[in-house]
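The values are calculated or read from the model by the stated rules, or taken from the named source; none is laboratory data. Everything numeric in this text was worked out from a predicted model, so none of it was measured. Here Cβ is always computed from backbone atoms with ideal geometry, including for glycine, and neighbour counts include all displayed protein chains.
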Amino acid sequence: MTEKQVKQRWVDIKKTITARPLLAYLTGIPYNEWNQYMSSFPSASEINRIYDNIRDDRTQKTKRIKDELQNIVGYREAKQFSKKIGVSDSTIREIIEEKKLVAGYSIINRLEVFINVINPTFELSIENPLSKEIIVKDEFEEIINDVRNISNSLLRESFELTDVAKNMKAKLDWHKEISHPAKGIDYTIERLKEVREKISLIYETYIENK
């Protein structure tokens, strides 16, 4: 690797360790040298050593997840479970089929929490920053934002319906064609269905199943 590539690797490693601080311990970074490590560039050999340790850790965690997923998720069920977990069905299949041997920590975090909900005897990695409470909070914040946006859309629809009643004609769309007054409502109904599905998935997976 070039010096530039090694330095970029260290930048990436620091981001990973910052997100999962206990990795510093697992990779053998001395506690009393933490600040020095984070503010400078260790030798290339040390950077590669830490990189290899992190990769080994990800490999072990991916295998542990794979062993559990094979008992929980069937090949045909991957798509259904992907919505609950927040990980793509293709990634789930690749892990189950051992095509993906080294998953990223963001995937590992999500899968560990999901498996722990299904099987409480499966312990989360000690450095996993996620929990089902955090996932529910983050997902519901996104859902709440969607609901507010839909609410604003409905308010705009009410104004447009007022104009239709006042002018006795429907508005024109971007193509200068007549737009049915209920078109916006139909679109909103579809968005509400999607939001309802999200709520049900999160509730049934992480709240009801506890």
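Some points to look at:
- Qualifying residue in segment 194-210 (condition: in a loop (DSSP other than H, G, I, E, B), under 30 Å from Lys83 (Cα atoms) and in contact (Cβ under 8 Å) with a residue 12 or more places away in the chain): yes
- Segments classed as helices (runs of 4 or more DSSP H), wholly inside segment 2-74, with at least 2 members that are surrounded by 15 or more Cβ atoms within 10 Å (Cβ to Cβ) and of a type in the set (A, V, I, L, M, F, W, C): 3-19, 23-26, 44-72
- Single unsatisfied condition, Ala103 versus (1) within 19 Å of the chain's Cα centre (by Cα); (2) at pLDDT below 95: (2)
- Screening Lys99 on (1) part of a loop (DSSP other than H, G, I, E, B); (2) farther than 21 Å from Glu77 by Cα shows it passes everything except condition (2).
- Residue match in segment 125-145 (condition: in contact with a Pro (Cβ under 8 Å, 6 or more places away or on another chain) and either within 18 Å of Ser88 (Cα to Cα) or in a helix (DSSP H, G or I) (or both)): no
- Looking across Ile95, Ile17, one residue alone is in contact with a Lys or Arg (Cβ under 9 Å, 6 or more places away or on another chain) and modelled with pLDDT of 90 or more. It is Ile95.
- Taking segment 132-183 as the range and being in contact (Cβ under 8 Å) with a residue 40 or more places away in the chain and over 30 Å from Asn116 (Cβ atoms) as the test, only Ile150 passes.
- For segment 5-29, residues that are under 23 Å from the mean Cα position of the chain (by Cα) and touching a residue at least 60 places away in the same chain (Cβ under 8 Å) total 6.
- Residue match in segment 47-67 (condition: touching a residue at least 60 places away in the same chain (Cβ under 8 Å) and closer than 16 Å to Leu124 by Cβ): yes
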